[in-house]
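As structure tokens, the structure follows; a few thoughts come after it.
The values are calculated or read from the model by the stated rules, or taken from the named source; none is laboratory data. These numbers come from a predicted model, not from an experiment. Cβ sites come from the backbone with ideal geometry, for glycine too, and all protein chains shown count toward neighbours.
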Amino acid sequence: MELQIISVKNSFYYLFGSNLNLNSMKTIKLIQHTCKILIFMVLLTYMANPVSAQNCQGKTLTIGGWGASNTSNPNVSYLYTNFNSAFPNGLVVGCSGGNTLSLTSPQAVTDFLPSGGSASPLNNTYVNPGSGYNNVLAGQLVAVMLAVGFDNYDEGFSSAAANLGDFVFTSGTFQGMTVSQFLVLANNFIGGCGTSQYTAAQFNEAATAINQNFDEGNVNLGYLSCCSLKIHVSYDPIKCHGGTTTVHVTATGGGSNVQGVGDFVVGAGTYTYTITEGNCTDTASIVIGEPSLLAVNIGNTPILCHGGMSTLTANVSGGTGSYTYLWSNGATTQSIQVGAGVYSVDITDANLCNSSASITVSEPEQLTVNIGSTPILCHGGMSTLTANASGGTGSYSYLWSNGATTQSIQAVAGAYSVSVTDINSCSSSASVTLSEPEQLAVNIDSTPILCHGGMSTLTANGSGGTGTYTYLWSNGATTQSIQASAGTYSVSVTDANSCSSSASVTVSEPEQLAVNIGSTPILCHGGMSTLTANASGGTGSYSYLWSNGETTQSIQVSAGTYSVSVTDQNSCSANASITITQPESLGLIINKGDVTCVGGTAAVSANVTGGTPAYSYLWSNGAMTQTVNLPVGNFSVTVTDANG
């Protein structure tokens, strides 16, 4: 037994045989893995005299396992194995994808462990090497892989597909190997791993399986010819949703008359491209994606009060990468603070794709308030103040400067303010000054009554209030001025607002100017009387005018009739007259009797006329009676009346 090492694609394959001229070869690949051995065995069958080439496009041939007869081609022989389990159900040989010749074992062979165990799957694919190997003998590809492992790790026959050309041998021989030969080989290979050595007993099962499960045989599949035409499709990604790209379709492995190549402008989607040259075709399908639609909407916070601010936020979705922002007011941040108005934002993503949105930011109407008032008609009256609010949002609350919280209040003259607040706590204020008419007042002017029984002019003088006045006197008169005698009077004055005021006055007059004439009696006939004008009432000092022209208060007069006119300082006058009498002239008649007797007496009576009784008598003899008895002689009597 001779061991030869052949380097294929930088991997070491161990070829066992005495020479290189036989039809069948067995190749073992030893791989060191944590001081254990993995052995991969490949049976290659070479056919010296191939039949004429056939086009394998789309054709496959199944080689049955377990010694089954192949009815599809009676000229084909196949490998026979006496595996008890896990041998492949069949091997498929054919062209895959136009220029790929695949050999696939759908079920792996047994993976033997030194201590025994179950099988592990193992699948391998062989790929046509491409240019230079367009025509490869199918018999060179028929292989069964047997993995003999010394740990739980199974490495595939190749981590990448092995080129067909790597396994083309022009000659070779194969003989079975003994357990001891296999053991020496394994232990020599892992000699650098310390004291770990595998015994013959450990390799017995694996080596026996290697020798027992391969019977040489020939497979005649004919000469397969696969096209080398290869399609290549490339394109740049679509940068923006709804955009296009150019698909570049090129070919390799073909001639100068390949159909279907070129540049194609397409949007996102699934596309299949086929190139042809003669009987050879190759097809590729691509799915061209695109970024999701770059979209933006503007979120905003509400403006609560007129003139307030809203936060606008550009909410972006789709597109690619990070975003830049450009607002219509020049801002470049994602969020901005704005007042009411129309705003737009342009969004650009990393691929310079654009999207825009706009928004109209509204605000409540300006919250305003004015105070309506009813006029105060009369001084000291009341006005109804009403806060009339407009704009703002929702219902209103009120706070007056006097503490009231109703929409309307009753107020006297003065200054008032109100603050109105809406449901967003926006507020507005207004103030008003309430005026009132001046106090309506009236006083009564009167002219004095100069003389008792005279008239006074009463005039109602109104002030304040509003507009013109009307008058109503207590005597029923409705003029501003009236003529009135002495007495008490009142007047009610009413203005244009029906406000009223009253006043009263007592009109006085001088006492009745009166005069009487006092007189002293004329005691004796022909005597004088003193007349005195005694005035009362009237006003001030008096002046006198007597009927005899005298102007003094008292005058001396004889008997007669006299009058006097008394005038006060108001020129009021009073008259009086008097008749002054005087006693009749005092007369005396003496009645005497005759003395009848000498020495006798006679009754003598003094009979008085005129004068003023009673009379007193004084006789010359001293008697004082009216009648005396006188003797004869001369006697006299003096009679004095009451006035002396």
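Residues that are modelled with pLDDT of 50 or more, under 30 Å from I288 (Cβ atoms) and among the hydroxyl-bearing types (S, T, Y) number at least 3 in the following strands (runs of 3 or more DSSP E) confined to segment 182-275: 245-252. Counting only residues that are outside any loop (DSSP other than H, G, I, E, B) and either of a type in the set (V, I, T) or surrounded by fewer than 16 Cβ atoms within 10 Å (Cβ to Cβ) (or both), segment 503-515 holds 6 of them.
When the residues of segment 577-602 are filtered to those that are in a loop (DSSP other than H, G, I, E, B) and in contact with a strand residue (DSSP E or B) (Cβ under 6 Å, 6 or more places away or on another chain), the one that is farthest from A514 (Cα to Cα) is V595.
Within segment 334-349, the set of residues being part of a loop (DSSP other than H, G, I, E, B) and of a type in the set (S, T, N, Q) comprises Q334 only. None of T421, T466, T406 is at pLDDT below 95 and hydroxyl-bearing (S, T, Y) except T466.
Quickly run through segment 619-630 and pick out the residues that are surrounded by 15 or more Cβ atoms within 10 Å (Cβ to Cβ) and in a strand (DSSP E or B). Of everything in segment 619-630, those that are surrounded by 15 or more Cβ atoms within 10 Å (Cβ to Cβ) and in a strand (DSSP E or B) turn out to be W619, T627, V628, L630. Among residues of segment 283-303 being of a type in the set (S, T, N, Q) and touching a residue at least 60 places away in the same chain (Cβ under 8 Å), the one that is nearest to G392 (Cα to Cα) is N300. Checking the stated criteria, S490 turns out not to satisfy the condition of being within 60 Å of the chain's Cα centre (by Cα) and not in a loop (DSSP other than H, G, I, E, B).
Scanning segment 555-564 for residues that are surrounded by 18 or more Cβ atoms within 10 Å (Cβ to Cβ) and of a type outside the set (V, I, T) yields one hit, Y562. Number of residues in segment 414-436 that are assigned to a loop (DSSP other than H, G, I, E, B) and surrounded by fewer than 16 Cβ atoms within 10 Å (Cβ to Cβ): the value is 3. Screening Y489, Y544 for residues that are of a type outside the set (G, A, S), surrounded by 14 or more Cβ atoms within 10 Å (Cβ to Cβ) and not assigned by TED's automatic domain parsing to the domain that holds T447 leaves exactly one candidate, Y544. In segment 562-576, the residues that are closer than 21 Å to S519 by Cβ never reach a residue that is among the acidic types (D, E) with C-beta atoms less than 7 angstrom apart, at least six apart or across chains. Here segment 631-644 is the region considered, the condition is being buried (at least 17 other Cβ atoms within 10 Å of the Cβ) and at pLDDT 85 or above, and the residue that is farthest from L523 (Cα to Cα) is V637.
When the residues of segment 289-315 are filtered to those that are touching a Gly at 6+ places or on another chain (Cβ under 6 Å) and not in a loop (DSSP other than H, G, I, E, B), the one that is farthest from S428 (Cα to Cα) is A295.
Tallying residues that are surrounded by 14 or more Cβ atoms within 10 Å (Cβ to Cβ) and in contact (Cβ under 8 Å) with a residue 12 or more places away in the chain within segment 458-485 yields 18. Of all residues in segment 237-255, how many are surrounded by 14 or more Cβ atoms within 10 Å (Cβ to Cβ) and in contact with a Phe, Trp or Tyr (Cβ under 8 Å, 6 or more places away or on another chain)? Here the count works out to 4.
Being assigned by TED's automatic domain parsing to the domain that holds S417 and not charged (D, E, K, R) is a description that does not apply to S344.
Out of the residues in segment 516-541 that are in contact (Cβ under 8 Å) with a residue 40 or more places away in the chain and outside any loop (DSSP other than H, G, I, E, B), state the one that is surrounded by the fewest Cβ atoms within 10 Å (Cβ to Cβ). It comes out as N516. For segment 350-403, a residue qualifies if it is free of Cβ contacts under 8 Å to residues at least 24 places away in the same chain and either surrounded by 17 or more Cβ atoms within 10 Å (Cβ to Cβ) or assigned to a strand (DSSP E or B) (or both), and the qualifying residues are T360, G372, T386, N388, Y398, L399, W400.
Out of the residues in segment 304-343 that are out of contact with any Leu (no Cβ under 9 Å at 6 or more places or on another chain) and in contact (Cβ under 8 Å) with a residue 40 or more places away in the chain, which is surrounded by the most Cβ atoms within 10 Å (Cβ to Cβ)? Among residues in segment 304-343 that are out of contact with any Leu (no Cβ under 9 Å at 6 or more places or on another chain) and in contact (Cβ under 8 Å) with a residue 40 or more places away in the chain, the one surrounded by the most Cβ atoms within 10 Å (Cβ to Cβ) is A314.
Taking segment 237-272 as the range and being out of contact with any Leu (no Cβ under 9 Å at 6 or more places or on another chain) and of a type in the set (V, I, T) as the test, the residues that pass are I238, T244, T245, T246, V247, V249, T250, V261, V265, V266, T270, T272. Determine if segment 585-603 includes at least one residue that is under 30 Å from G453 (Cα atoms), among the β-branched types (V, I, T) and more than 60 Å from the chain's Cα centre (by Cα). No, the conditions are met nowhere in segment 585-603. Look at Q569 and say whether it is part of a loop (DSSP other than H, G, I, E, B) and buried (at least 17 other Cβ atoms within 10 Å of the Cβ). Here the answer is no, as Q569 does not meet what is asked.
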